[in-house]
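Bear in mind these aren't lab numbers, they're just calculated from the coordinates by the rules spelled out. All of these numbers come straight from a predicted model, not from anything done at the bench. Reconstructed Cβ throughout: ideal geometry from the backbone, glycine too, with neighbour counts over all protein chains shown.
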Amino acid sequence: MRGKKKKRVLAGLLTGLIGLLCAAVLGALFYGTMVYQLAGEADADGAVRAQARALGTPIPLEQGTDIRSLLPGALLALGEGTLVEEQAQEVRMGGRTCRVITRIYTLADGTQARAVSATPAAYLERLSEEGWQPQLITGFVIDELDAVYALRGEECMLAARDGEFVYMIEAQASEQTAYALGALAYLEGES
């Protein structure tokens, strides 16, 4: 009888160990999927979009230049809120000079949201440099691009990548508001 009890205990331990191993593998796959999504390996639609638009060299930043011409790709616009300011700048991120266009919107509740368009994709390093923490929540989009939801204190961000272009929405908002901002956002100048 003692041998049967020992076998049952060993079988239970083995089953528990296999369950723990499966949970770890599934967790690693989920985390890997999120990292892969953030890294922006273009899906078929994204690849077609990226190939359809030629990556030109951004024109130099000059006072009075139409902001839409400063980025060789599409610009992110929010479908909600009032556009109050647009600014263009060049920043060093990931060892590269990145062109960044930021549009600031005032939302209906009086808060502000920023729509950021940037190239090249090295600009994504901003997430780690500024302390943004990606969340393991899926289903967020910016236009039709899959987006990663990240938090930093009371601020939230959606970040998406389309080839060498990065699009971000930043706001002090709830998860539901961030979802709505991303779903209503669109890319101007996309063919």
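Annotations
- Whether the range 66-191 is rounded, prolate or oblate, judged on the alpha carbon gyration tensor where a/c under 1.5 counts as rounded: rounded
- Among the GluC sites (Glu not before Pro) in the range 96-134, those located in a DSSP loop and surrounded by at most 12 other Cβ atoms within 10 Å of their own Cβ are 130.
- Amide proton proximity set for residue 93, modelled H, under 5 Å, gap of 5+: 98
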